[in-house]
Amino acid sequence: MTRGTTTAPGEKLDSNVERMIDHYNSQVDVFKDVHPGGDKSTKARAEAAKAFVDLDPKKFSWDRANFTDIAKGVRYREGDRLVLEATYRPFHRRWVEAGRRLNNTVYQLPRIFPNADAENLTIGVHRRSAAEFAFRGAHWYSDLPDVDVWVDPTPSFPRYIYDLAPSADAAQAANAQGELFSDAGTDSNDTDGGDSGQPRRHNVTDHALALYRTLDSKIDKDDVFFYVYGILHSPDYRSAFAADLKKSLPRIPQVDNAEDFWGFSNAGRELAELHTDYEDVEPWPDLAYEYATGADKDDPATYRVTKMKHPKVKLDGESVEDRTRIIYNEHITIGNIPEAAYGYELGSRSAIGWVMEAWRVRTDKASGIVNDPNDWATEHNDPTYILDLIGRVVTVSMRTIEIVEGLPKLSL
C-alpha cells in the first residue's frame, strides 16, 4: 500500500470544535438574558459569568479569557477558526484548532504560522522545566509545533517571523546586542511571505550575518540557520557546554574557518531535510514483519494501532524489553530493529520511543474526547502509515547518527 492524499482532514476535530462553539454561544445568550445590565465592570461580570455558565468539561474547556468574552457578549464564529497541520510530539503530526479565540495561550505561534498557507521551519530545543534547561537535543519542524512538543516546555527558533513591523530603535538594539535570532532585526533578505499573504522577515539578524561573512562572503542567512542546527547536534558542543546548558538556552559558538562553518551548515541542512521530510524516507530495509496466522494484509483493520510495546525476554534471570522487536498489534510484530537506532534521542526518549508513545489511542478524562491516531492514517488514505512510520524513523535514526558522527571537530 502507498501513501494517499488527504480526504477529510480533521473531520472529528471539526465536529468537536463546532459542538464546543455552539455550547459557548448558547451560554453567551443565556447569560445576557439573565444578566442584561451593563452597569457592572467587565471584571465583575466575568466573575458572575464564571459562577453562572455550564462548566461541564465535556462541552467546553473554560478559562478566564472565555469568562471575559461571556461578560462582553462576544460570540465565537467560523471566522475565529484556524485548522492547521501541527507537530504534537516528535514524528507525530495531527490536525489542530489553532484559532486565537479558541486557545488559552498561543504565545508567539501566530507570528510563526499565521495561517494555513504560511511556510516556515523551526528549531525546537528540549527544556525540562522553567528552572532547569537540561539540554538533551534539538529537532526541526515544518509545521505548527505544540508549545510542549517534548512534553516539557519547548522553546522554538523559527526561520521567519511573520507580520512584523518593529520600530527602528528595536531593530538597532537587536543588532547592537549581537543577537543571533531576533524578531526585531531588520533583514536585507525580506520576502513577501509567499502564499501566506502576510509579510515576513528572516529571523537571523544582520549583525550575525556580518560576523559569519568574515569567514566567507557567500554565506547567507539560511546558511547560518542550518549551521545552528548542525552545531546543536555536535557531541563536542554538548560536552563543552554541558554545565551552561543546564541553566540557560543554547549560545552558538562561531567557528574560526569557512571549512568548518560549511561542514556544520551542510550537515544541519541535511539533518533538517531528514527530520522534516521523514514521511518520504524509505523504511529501514532490514526490518522483518511477522504476521499472525490469518492476518489479512489487504484489510485496513490489520494495521490499526492501540498501543505498541516491546516484548519481554529473559536476560541473566531478569525480564527485560527486547528492543530489537516491537509488538505493533495483535496481527503484526516488527523485528530486526538495530539497537544502534535507539542512540538517536530527543529529550527523554529515543526517536523510536517517541513514535511508540505518541501513536496510541488515548481518552481525555475531562472531555471524554478519544484521540485515535488511526484517524490520521484513514484521513490520508494510507492504512499502513503508522507501520511504515516505524521503519522510516529507524532509517532517520540511523542516518542521523551517521551525519552526527561526520560533523567537524569543534575546537573551543
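Picking from residues in the range 281-305 that are free of Cβ contacts under 8 Å to residues at least 12 places away in the same chain and open to solvent by 70 Å² or more (accessible area, probe 1.4 Å), the one that is nearest to the chain's Cα centre (by Cα) is P285.
Inclusion of S196 among residues that are at pLDDT below 95, within 30 Å of L389 (Cα to Cα) and not charged (D, E, K, R) is warranted. Selection of first residues in the range 235-259 that are over 14 Å from I219 (Cβ atoms) and outside any helix (DSSP H, G or I) and of second residues that are open to solvent by 40 Å² or more (accessible area, probe 1.4 Å) and charged (D, E, K, R), restricted to Cβ pairs under 8 Å at least 6 apart or on distinct chains, gives the following pairs, ordered by first then second residue: F241/R251; K246/E132; K247/E132; L249/R127; R251/D244. Scanning the range 358-400 for residues that are within 22 Å of E345 (Cα to Cα) and among the small types (G, A, S) gives A358, G391, S397.
Give the number of residues within the range 75-122 that are open to solvent by 20 Å² or more (accessible area, probe 1.4 Å), in contact with a strand residue (DSSP E or B) (Cβ under 9 Å, 6 or more places away or on another chain), of a type in the set (D, E, K, R) and not in a loop (DSSP other than H, G, I, E, B). Number of matching residues: 5.
For the range 72-118, enumerate the residues that are free of Cβ contacts under 8 Å to residues at least 40 places away in the same chain and small (G, A, S). Result: G79, G99, A116. Scanning the range 324-345 for residues that are free of Cβ contacts under 8 Å to residues at least 24 places away in the same chain and open to solvent by 60 Å² or more (accessible area, probe 1.4 Å) yields R325, E339.
Against the criterion of being at pLDDT below 95, among the basic types (K, R) and open to solvent by 20 Å² or more (accessible area, probe 1.4 Å), K247 qualifies.
For beta carbons closer than 8 Å, sequence separation of 6+ or different chains, a first residue in the range 383-412 that is over 19 Å from W262 (Cα atoms) and open to solvent by 20 Å² or more (accessible area, probe 1.4 Å) and a second that is in a helix (DSSP H, G or I) and of a type in the set (S, T, Y), the qualifying pairs are P383/T302; P383/Y303; R392/Y278.
Restricting I219, I231 to residues that are open to solvent by less than 10 Å² (accessible area, probe 1.4 Å), touching a residue at least 40 places away in the same chain (Cβ under 8 Å) and under 16 Å from T400 (Cα atoms) narrows the list to I231.
Of all the criteria given as (1) at pLDDT 95 or above; (2) hydroxyl-bearing (S, T, Y); (3) surrounded by fewer than 19 Cβ atoms within 10 Å (Cβ to Cβ), the one not satisfied by S348 is (1). In the range 360-371 there is no residue matching the filter, namely being among the basic types (K, R) and closer than 30 Å to G263 by Cα.
Inside the range 30-74, residues that are touching a His at 6+ places or on another chain (Cβ under 6 Å) and open to solvent by 70 Å² or more (accessible area, probe 1.4 Å) make up a count of 1. Pairs linking a residue in the range 1-19 that is of a type in the set (G, A, S) to a residue that is modelled with pLDDT under 65, with Cβ atoms under 6 Å and 6 or more positions apart or on different chains, do not occur. Counting only strands (runs of 3 or more DSSP E) that sit wholly inside the range 309-412, those with at least 2 residues that are β-branched (V, I, T) and in contact with a strand residue (DSSP E or B) (Cβ under 8 Å, 6 or more places away or on another chain) are 332-335. Annotation: of all residues in the range 306-323 being among the acidic types (D, E) and more than 31 Å from the chain's Cα centre (by Cα), the one that is least open to solvent (accessible area, probe 1.4 Å) is E318.
Might you let me know whether the range 20-41 holds any residue that is in contact with a Ser or Thr (Cβ under 7 Å, 6 or more places away or on another chain) and not in a loop (DSSP other than H, G, I, E, B)? Looking through the range 20-41, none of the residues is in contact with a Ser or Thr (Cβ under 7 Å, 6 or more places away or on another chain) and not in a loop (DSSP other than H, G, I, E, B).
Within the set V125, V147, the sole residue that is open to solvent by 40 Å² or more (accessible area, probe 1.4 Å), modelled with pLDDT under 90 and touching a Ser or Thr at 6+ places or on another chain (Cβ under 8 Å) turns out to be V147. Would you mention how many residues in the range 281-320 are more than 19 Å from T395 (Cα to Cα), of a type in the set (A, V, I, L, M) and at pLDDT 95 or above? Summing the residues that are more than 19 Å from T395 (Cα to Cα), of a type in the set (A, V, I, L, M) and at pLDDT 95 or above in the range 281-320 gives 4. Checking each residue in the range 214-233 for being under 31 Å from the mean Cα position of the chain (by Cα) and not in a helix (DSSP H, G or I) picks out I219, D220, H233.
The values are calculated or read from the model by the stated rules, or taken from the named source; none is laboratory data. It should be emphasised that the depicted structure is a prediction, and the values quoted were computed from it without experimental measurement. Glycine also receives a Cβ, built like all others from the backbone with ideal geometry; neighbour counts cover every protein chain displayed. Heavy atoms of the whole protein, side chains included, go into the accessibility calculation; ligands, DNA and RNA do not. Shrake-Rupley method; radii C 1.70, N 1.55, O 1.52, S 1.80 Å.
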